[in-house]
Amino acid sequence: MASIEILETGFYTSVQDQGRKGYAIKGVPESGAMDQEAWRLSNLLLHNLDSDAALECTLIGPTIVFLRDLAFVLTGAITSAVLDGTELISNKVYKASKGQILRVGKVLNGCRTYVGFDGGIDTKIILGSRSTFYPITERGIVQKGDVLRTGISNMLSVSSGMVHIKEAKANKSSNINIVQGPEYYYLSQIKREVLTNRSFTIQSWNRMGIALGEPLEQQVAKILTGPVLPGTVQLTPSGHLYILMRDCQVTGGYPRIAQLTQTAINTMAQKKTGDTIRLALE
Amino acid sequence: MFEKYSIQAFGEYAILIKWKQPPSNDLRVYLAIAQKSLEREFDKEVILTYQELLIKDIMVSNDTIKQVKECLGTLDAKQLSLSRREVIIPVCYDLKFGSDLMKLAKDKNKSIDAIIKLHTDPKYMVYFLGFLPGFPYLLGLDKKLHTARKDTPSRKVTQGSVAIGGTQTGIYPQDSPGGWHVIGHCPIPLFDIHFSEKSLLRQGDHLQFKAISMDEHASLSKMSLHEFVNSSFVSNG
């Protein structure tokens, strides 16, 4: 049933779940929530299914009107969210009434906030996932005027604040754990030390990948195109590092010098331009 | 011939297996057999590229690595019925589509017809799909057509563009930035979510380009992917 309508889209708001598994041999990216941990928490708090989809908000969240009474929760980065003027906190289940307006607002301490709804967002499953990715799905992001349905509730009864995890655990760590990638050995001993001894600044980012500012200043040969994964750290011809994220291609031709741990990928999902990180080899 | 390989963890949940030999039809056949066997053994997705296989979403441990080695040690080529599918890809090499064709011909000191002949003569192998949904990595481009990528990539290469970059040729399944030299246009979509198989091409397909006129291009562009794979352009051998 129609549950919410998007009044304002925010900066970059998409529908995300665990992503598409098993279609890499057709060249289809995985996609899925950038911060899988925050997305999973939204489902956990709402008693949703593991695979239920949520809205992924980026820097500035959407404004939403509820078309019926519905429970929701905010996870991931903290925002200045208000429900009809009442300030909201993260990781706490709220019950909205029909007609109420949720303004997710500005992200305050990270990059991405998830808005989970009781029953999960029920858009069409394409290749095993509801994650928006153009052209696998018709659009890459939600649009003004979109009316979204939600699935069947698994909650027996809902009242605001019935579930609340105190610590809003938006991951602010600047430590990014990596393991050696297939072409780690391309790096000289000195560059290996530089890799883990200096800090890197996020220069640009999107759902496909994150470019780091400071070059490693090592020219290395390209490789024959091989498999890559979300979390793969590539060394580009200019000597810069590029971290592949959830919407990345399934194959790539740059040396894969490192691979982020799963936790580190979720941490990276909360980084934005100007943030600094340190890579730590496990 | 391909018994020697290296095997390593690729992050916490993937195993990469790498061969040293340069890409070839023989290596590809071997990799396809190994891919199928590993998929059966682990019930996981296995990605095949030029010289590598990647087992995805698998717990990496000494036990699983041992299991991979055992599986690769007992490959049976007879288990696998390799695809013999042949796909003819119609391409209109009219200069209206082939925006870089004139310059390419000039740089190679060849006529446009000679370039088209060099591109349409070989039988290519669809080594694997990647880059964009449905994009084929093809083996078999004539050395005379190898051309360094553009220094400055075009901001938008149109869906269906047939292009040459480095040692490769391919077809853009969707509008995309790209640094390859566009020499023609294929009127058939390479990827369609409404088509049962989604992708026109499968890894392991044999592929040949066929030059078509503007009129043929116009009439073929009305064809759906479903109609195309059931037409005489695709033979299951």
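Out of the residues in the stretch A:26-52 that are within 14 Å of chain B (Cβ to nearest Cβ) and touching a residue at least 12 places away in the same chain (Cβ under 8 Å), state the one that is surrounded by the fewest Cβ atoms within 10 Å (Cβ to Cβ).
A:36
Having 2 or more residues that are of a type in the set (D, E, K, R) and surrounded by 13 or more Cβ atoms within 10 Å (Cβ to Cβ) is the bar; report the strands (runs of 3 or more DSSP E) wholly within the stretch B:1-119 that clear it.
B:52-56
Give A:224, A:216, A:195 a once-over and let me know the one that is touching a Phe, Trp or Tyr at 6+ places or on another chain (Cβ under 8 Å) and either assigned by TED's automatic domain parsing to the domain that holds residue A:182 or aliphatic (A, V, I, L, M) (or both).
Numbers: A:216 fails: touching a Phe, Trp or Tyr at 6+ places or on another chain (Cβ under 8 Å); A:195 fails: touching a Phe, Trp or Tyr at 6+ places or on another chain (Cβ under 8 Å).
Unique residue meeting the criteria: A:224.
Among the residues of the stretch A:43-83, write down those that are within 16 Å of residue A:15 (Cβ to Cβ), of a type in the set (Gly, Ala, Ser) and either more than 19 Å from the chain's Cα centre (by Cα) or assigned to a loop (DSSP other than H, G, I, E, B) (or both).
A:51, A:61
Residues in the stretch A:98-114: is at least one closer than 29 Å to residue B:193 by Cα and more than 13 Å from the chain's Cα centre (by Cα)?
Checking the stretch A:98-114: not a single residue is closer than 29 Å to residue B:193 by Cα and more than 13 Å from the chain's Cα centre (by Cα).
I'd like the full set of residues that are within 11 Å of chain B (Cβ to nearest Cβ) and without any contact (Cβ under 8 Å) to a residue 60 or more places away in the chain, limited to the stretch A:10-24.
Hits for the stretch A:10-24: nothing passes.
Check whether at least one residue in the stretch A:221-233 is away from chain B (no Cβ under 12 Å) and among the β-branched types (Val, Ile, Thr), and report yes or no.
From the stretch A:221-233, those away from chain B (no Cβ under 12 Å) are A:221; that's our starting set.
Retained after the next criterion (residues that are among the β-branched types (Val, Ile, Thr)): none.
No, there is no match, as no residue in the stretch A:221-233 is away from chain B (no Cβ under 12 Å) and among the β-branched types (Val, Ile, Thr).
When you go through (1) in a loop (DSSP other than H, G, I, E, B); (2) out of contact with any Cys (no Cβ under 9 Å at 6 or more places or on another chain); (3) more than 13 Å from chain B (Cβ to nearest Cβ) one by one for residue A:211, which number turns out not to apply?
Tallying (1) in a loop (DSSP other than H, G, I, E, B); (2) out of contact with any Cys (no Cβ under 9 Å at 6 or more places or on another chain); (3) more than 13 Å from chain B (Cβ to nearest Cβ), residue A:211 fails exactly one: (1).
Answer yes if at least one residue in the stretch B:183-200 is in contact (Cβ under 8 Å) with a residue 60 or more places away in the chain, within 14 Å of chain A (Cβ to nearest Cβ) and part of a loop (DSSP other than H, G, I, E, B), and no otherwise. Give the derivation first.
First, the residues of the stretch B:183-200 that are in contact (Cβ under 8 Å) with a residue 60 or more places away in the chain: B:183-188, B:198-200.
Remaining after also requiring within 14 Å of chain A (Cβ to nearest Cβ): B:198-200.
Right, trim to part of a loop (DSSP other than H, G, I, E, B) and you get B:198, B:200.
Taking every residue of the stretch B:183-200 in turn, at least one turns out to be in contact (Cβ under 8 Å) with a residue 60 or more places away in the chain, within 14 Å of chain A (Cβ to nearest Cβ) and part of a loop (DSSP other than H, G, I, E, B).
Which residue pairs have Cβ atoms closer than 8 Å, lie 6 or more positions apart in sequence or on different chains, and pair a first residue in the stretch A:188-199 that is closer than 16 Å to residue A:212 by Cβ with a second residue that is exposed (fewer than 12 other Cβ atoms within 10 Å of the Cβ)?
A:191/A:217
The values are calculated or read from the model by the stated rules, or taken from the named source; none is laboratory data. Every value quoted in this text rests on a predicted model; they were computed, and no experiment measured them. A quick note on method: Cβ atoms are made from the backbone with ideal geometry, for glycine too, and the neighbour counts reach across all protein chains shown.
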